[in-house]
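A short write-up of the structure that comes next.
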Amino acid sequence: MEKSRTSCDWRPETIVLHGGFDGDPATKAVAVPIYQTVAYGFDNAEHAAALFNLETEGFRYSRIANPTTDVLEQRLAALEGGAAAVCVSSGQAALMYAALNVSRPGGNIVSVPQLYGTTYTLFAHMLPTFGVTVRFASDDSAASMAALVDENTCALYCESVGNPAGNICDLAALAEVSRAKALPLIVDNTVATPVLLRPIEHGAHIVVHSLTKYIGGHGTTLGGAIVDAGTFPWTAHRARFPMFNEPDRSYHGIVYAERFGRSAFAARCRNLYLRNTGAALSPMSAFLLMMGLETLPLRVERHVHNARLVAEFLRADPRVRWVNYAGFAEHPHHALAQRYLDGQACALLTFATCGGLEGSCAFYDALRITKRLVNLGDAKTLACHPASTTHRQLSEAELKAAGVTPDMIRLSVGIEHIDDIIADLDQALAAAAAVPGAKSAARSAA
Ligand SMILES: Cc1ncc(COP(=O)(O)O)c(C=O)c1O
């Protein structure tokens, strides 16, 4: 919840295990209890009123806040270096709330074009029905983004590492545009995770996550989070952001920037969007996501290590036409990987076989250990064909802008033994090479 906290100078490996919880005061339970309750008792009418006036800290109703979820929120805020976090039921809910929280009818958001498919459809087709348009830049450069900003722009939006494009945004350059234009920068940090990249350190104001992916890490639980850096000066831009500076009639005239200061964005997300529209994370889900979070730094290390070995295997194989992996020195975003990902690359990579769409489909169908599905960040290795699934609703031009080709296979490299992952890919490449026409392509590429 949006309460005053002492700053956390622990390292990520410690935050994920100890942040926000030092044993249950009632029972001394060491694991965070699952507070499977809808409501919380009030001492008396005065106490209830003080809670509902947001004058005192405490829990009212689990649609708004829950003690199990609260620990997860504290851990995520500390991991990302933010002032507060709000957890919700999915990544999509997180970015919907973040986008609505900062915009008003008639406003617009300027976004990079390389987005997860459902984010694209939310932005291109659904937000406009709320009176908010999204302007897609021609690429992820600061200049292209700045060119689309006008007096009605409410925010800049990007994925720190695009899914599935694999582009790495120059966050410091985008933050510079956001400073110059007095706009918050919202960053989806799902693919990178806070282990590899902390966007707030590079000037982002709001970070959103699908917790469903690496943070949960086991493909069992949906969840999302909005982290408020606490750094955007809402009060300095009253006309553009009246929602933080003027009394909220739906909440007996509260002025969020005055009442919550650095946590105004998170507090408004919680007390307006979560309270009124209710995409709440269940306490059981918060618990499961925390189990995943505890091992995130360890898992990411292995994911990243295995991804490099898979990328090198694919690059060396004549049955593969191309590999998109920012860890390669020749990759156009390699320098950005050096700068933002500490010289590493994420565990999500894309490639195509020499047999074109048919070859990639044959590869896909032949996978044995690697799962065919639409998810990423699971401990298991996962494969997806974006053009026919996650990005199916996009037109040809939209697919091109999003960095998706018809023959593209996206791999989310897992933490199995690397020899077993590569053996599976190897046998599936043999199936791709058996497709008529693929062999000659393979020969000419070799
Ligand atoms: C980058 C990114 N953001 C957001 C989402 C949406 O997350 P969820 O499935 O938890 O709603 C996804 C899902 O794949 C994603 O890849």
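When you scan the stretch 171-180, do you find a residue that is in contact (Cβ under 8 Å) with a residue 60 or more places away in the chain and out of contact with any His (no Cβ under 8 Å at 6 or more places or on another chain), even just one?
No, the stretch 171-180 contains no residue that is in contact (Cβ under 8 Å) with a residue 60 or more places away in the chain and out of contact with any His (no Cβ under 8 Å at 6 or more places or on another chain).
Do you know which of the residues in the stretch 187-215 that are over 20 Å from residue 83 (Cβ atoms) and within 8 Å of the ligand (Cβ to nearest atom) is nearest to the chain's Cα centre (by Cα)?
This residue is 190.
Condition (residue is buried (at least 18 other Cβ atoms within 10 Å of the Cβ) and in a loop (DSSP other than H, G, I, E, B)) applied to the stretch 193-201: is it met by at least one residue?
Yes, the stretch 193-201 has at least one match.
Please verify whether residue 401 is in contact with an Asp or Glu (Cβ under 9 Å, 6 or more places away or on another chain) and under 16 Å from residue 159 (Cβ atoms), treating the condition exactly as stated.
It is true that residue 401 is in contact with an Asp or Glu (Cβ under 9 Å, 6 or more places away or on another chain) and under 16 Å from residue 159 (Cβ atoms).
Could you tell me which numbered condition residue 399 fails, if it satisfies all but one of (1) free of Cβ contacts under 8 Å to residues at least 24 places away in the same chain; (2) surrounded by 14 or more Cβ atoms within 10 Å (Cβ to Cβ); (3) over 15 Å from residue 164 (Cα atoms)?
Status for residue 399: all satisfied but (3).
Restricting attention to the stretch 344-393, which residues are in a loop (DSSP other than H, G, I, E, B), of a type in the set (D, E, K, R) and more than 13 Å from the ligand (Cβ to nearest atom)?
Residues satisfying the conditions are 368, 380, 392.
Name the residue that is nearest to the ligand (Cβ to nearest atom), counting only residues in the stretch 175-186 that are more than 13 Å from the chain's Cα centre (by Cα) and among the aliphatic types (A, V, I, L, M).
Among those that are more than 13 Å from the chain's Cα centre (by Cα) and among the aliphatic types (A, V, I, L, M), it is 185.
So, in the stretch 402-423, how many residues would count as being in contact with a helix residue (DSSP H, G or I) (Cβ under 9 Å, 6 or more places away or on another chain) and assigned to a helix (DSSP H, G or I)?
4
Check residue 138 against each of (1) of a type in the set (S, T, N, Q); (2) within 16 Å of the ligand (Cβ to nearest atom); (3) in a loop (DSSP other than H, G, I, E, B) and name the one condition it does not meet.
(2)
Just to be sure, is residue 126 surrounded by 22 or more Cβ atoms within 10 Å (Cβ to Cβ), part of a helix (DSSP H, G or I), at pLDDT 95 or above and within 16 Å of the ligand (Cβ to nearest atom)?
It is false that residue 126 is surrounded by 22 or more Cβ atoms within 10 Å (Cβ to Cβ), part of a helix (DSSP H, G or I), at pLDDT 95 or above and within 16 Å of the ligand (Cβ to nearest atom).
Going residue by residue through the stretch 279-286, is there one that turns out to be in contact with a Leu (Cβ under 6 Å, 6 or more places away or on another chain) and within 16 Å of the ligand (Cβ to nearest atom)?
Yes, the stretch 279-286 contains at least one residue that is in contact with a Leu (Cβ under 6 Å, 6 or more places away or on another chain) and within 16 Å of the ligand (Cβ to nearest atom).
Being touching a strand residue (DSSP E or B) at 6+ places or on another chain (Cβ under 6 Å), assigned to a helix (DSSP H, G or I) and at pLDDT 95 or above narrows it down to one residue among 299, 308, 315; which is it?
Only one candidate qualifies: 315.
Identify all residues within the stretch 156-174 that are in a strand (DSSP E or B) and within 16 Å of the ligand (Cβ to nearest atom); write none if there are none.
157, 158, 159, 161, 168
What are the residues in the stretch 217-233 that are surrounded by fewer than 24 Cβ atoms within 10 Å (Cβ to Cβ) and either touching a strand residue (DSSP E or B) at 6+ places or on another chain (Cβ under 9 Å) or modelled with pLDDT under 95 (or both), if any?
219, 222, 230
Being part of a strand (DSSP E or B) and either touching a residue at least 40 places away in the same chain (Cβ under 8 Å) or in contact with a His (Cβ under 8 Å, 6 or more places away or on another chain) (or both) is the filter here, so list the residues in the stretch 237-263 that pass it.
Scanning the stretch 237-263 gives a single hit, 254.
Of all residues being more than 16 Å from the ligand (Cβ to nearest atom) and assigned to a helix (DSSP H, G or I) in the stretch 74-103, which is nearest to residue 263 (Cα to Cα)? Just the residue, please.
Ranking the qualifying residues of the stretch 74-103, first place goes to 77.
The values are calculated or read from the model by the stated rules, or taken from the named source; none is laboratory data. Remember, predicted model here, so these are calculated numbers, not experimental data. Note that we place each Cβ from the backbone using ideal geometry, even for glycine, and neighbour counts take in every protein chain shown.
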